Amino acid sequence: MKIVEYCIMAVNKEFLKTLGKRIDGLRKEKGLSFQELAIRSEMEKANLVKLTTHGKNITVNTLYNIAKGLDVELKDIFDLPAEK
């Protein structure tokens, strides 16, 4: 693997972890358990946990379903903290 590819993968992984934390924060703000959000988002609880804790890569369709489950707009999920 080339160093550039490795760097891109590392940046993507950090982005996915940040995105997962954002989704988990919204889940907590709404007072939802992992199970409740998983049901609302039409996904397995285990996959939701992997996303929010490990930065699992997901599809845009899954993001849309999560936004729907959280009762927020898709753009709200991407309201991430500014990079330091």
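Readers should treat all values here as calculations from the given coordinates under stated rules, not as data from a laboratory. Here the structure is a predicted model, which is why all the values come from computation and not from measurement. Heads up, the Cβs are rebuilt from the backbone with ideal geometry, glycines too, and the neighbour counts pull from every protein chain shown.
General remarks:
- Equivalent-ellipsoid semi-axes of segment 8-47, from the Cα gyration tensor, Å, largest first: 23, 12, 6
- Computed 3J(HN,Hα) for segment 26-31, one whole-Hz value per residue from the Karplus formula 6.51 cos²θ - 1.76 cosθ + 1.60 where θ = phi - 60°, is 5, 4, 5, 4, 7, x, glycine and proline marked x.
- Proximal charge balance of T62 [Cβ under 13 Å; K/R count +1, D/E count -1]: +2
- Each pair of Cα atoms in segment 3-77 enters the Kirkwood radius, and Stokes-Einstein at 20 °C and 1.002 mPa s then converts it into a translational diffusion coefficient of 172 µm²/s.
- Sites F34 and K13, calculated FRET efficiency, Cβ-Cβ separation with R0 30 Å, nearest 0.05: 0.90
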